[in-house]
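The values are calculated or read from the model by the stated rules, or taken from the named source; none is laboratory data. Note that this is a predicted model, so its numbers are computed, not measured. Reconstructed Cβ throughout: ideal geometry from the backbone, glycine too, with neighbour counts over all protein chains shown.
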Amino acid sequence: MKIMSLLPFFLLCAFTSYFSSATAEFVLDTAGNPLRNGGVYFLRPVITTGNGGGAELAATGNETCPLTVVQSPSPFSNGQPVKISSLFKIEHIYEGLILYIEFTYIPLCAPAPSFWTVVQGEEGKGLSVKITGYNDPIPGWFKIKSVSAAIGGYNLLFCPQNIPCLYVAIEQDTDGHRRFVVTQSEENRLWIQFERLASASSATAHEPLVSLKSHV
């Protein structure tokens, strides 16, 4: 029943996204090339001074397995690579397409694949970005939106069912984790750039732990 109830929402989002892509701009990586559908990238902040590095996983709250998407505390870390995929069989990613985002390496304790999801945050506070493994994820899709030329880079959006899209932002918890959260406020929203895995420096890339496995 739940799958059937989400089908109209999926179809509406899919067709709206597909037709809007005809006039949308390509999303570009740090080399100026369009993001490839199914390509693997590091999500890096545009501004690194006073900020952390790329996206990675951490165990927050009462988690015994790292299921929470966070920003690396080190501005020199690329974080962990993610695969960005469109629902459509197209070569490149446009702004506004509905997307799947998943880490290419996940903990052995986590379900595979590791799609990003949004769930109610710890202690019922706000919405947090997690990977597959939580019950009752919020129905919706991720999208990419360009920021003004003066700033550069992109915002990451989460678009739930029946309400306007929200920003993916950074919120630091009491343990110092820079968690990815979803909010209406533009404050602390992510300004990111996409660095293709093949061109990223191996010296600064986050090496997966022995306990991680690849599912690509």
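Values as computed for the structure displayed
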read-out	value
Val147 being of a type in the set (A, V, I, L, M, F, W, C) and under 13 Å from Thr183 (Cα atoms)	no
Tabulated pairs, region 46-62, first assigned to a strand (DSSP E or B), second hydroxyl-bearing (Ser, Thr, Tyr) and buried (at least 19 other Cβ atoms within 10 Å of the Cβ), C-beta under 6 angstrom, 6+ apart or interchain	Glu56/Ser72; Ala58/Thr68
Pick from region 42-79, criterion surrounded by fewer than 17 Cβ atoms within 10 Å (Cβ to Cβ) and aliphatic (A, V, I, L, M), ranking: modelled with the highest pLDDT	Ala59
Condition check for Cys65: touching a strand residue (DSSP E or B) at 6+ places or on another chain (Cβ under 6 Å) and closer than 25 Å to Asp175 by Cα	yes
Within region 175-190, tally of residues that are under 12 Å from the mean Cα position of the chain (by Cα) and either surrounded by fewer than 17 Cβ atoms within 10 Å (Cβ to Cβ) or over 22 Å from Ser85 (Cα atoms) (or both)	1
Answer from Ile138, Ile101 - the residue that is surrounded by 19 or more Cβ atoms within 10 Å (Cβ to Cβ), of a type in the set (A, V, I, L, M, F, W, C), touching a strand residue (DSSP E or B) at 6+ places or on another chain (Cβ under 7 Å) and closer than 19 Å to Tyr167 by Cβ	Ile101
Among the residues listed as Val118, Val82, Val129, Val168, the single one being farther than 26 Å from Pro34 by Cβ, among the β-branched types (Val, Ile, Thr) and crowded, with 21+ Cβ neighbours inside 10 Å	Val118
Single match in Pro137, Pro113 (criterion: closer than 19 Å to Leu87 by Cβ, at pLDDT below 90 and either of a type in the set (S, T, N, Q) or in a loop (DSSP other than H, G, I, E, B) (or both))	Pro113
Only one of Leu166, Leu108, Leu156, Leu99 that is at pLDDT below 95 and within 26 Å of Ala59 (Cα to Cα)	Leu108
Every residue from region 10-27 that is at pLDDT 70 or above and either surrounded by fewer than 17 Cβ atoms within 10 Å (Cβ to Cβ) or of a type in the set (Gly, Ala, Ser) (or both)	Ala24, Glu25, Phe26
Residue selected from region 85-98 under the condition free of Cβ contacts under 8 Å to residues at least 60 places away in the same chain and more than 12 Å from the chain's Cα centre (by Cα), by the criterion surrounded by the most Cβ atoms within 10 Å (Cβ to Cβ)	Ser86
Of all residues in region 191-216 being modelled with pLDDT under 90 and assigned to a helix (DSSP H, G or I), the one that is surrounded by the most Cβ atoms within 10 Å (Cβ to Cβ)	Ser199
Scan of region 140-153 for residues that are of a type outside the set (Val, Ile, Thr) and part of a strand (DSSP E or B), ordered by number	Gly140, Trp141, Phe142, Lys143, Lys145, Ser146
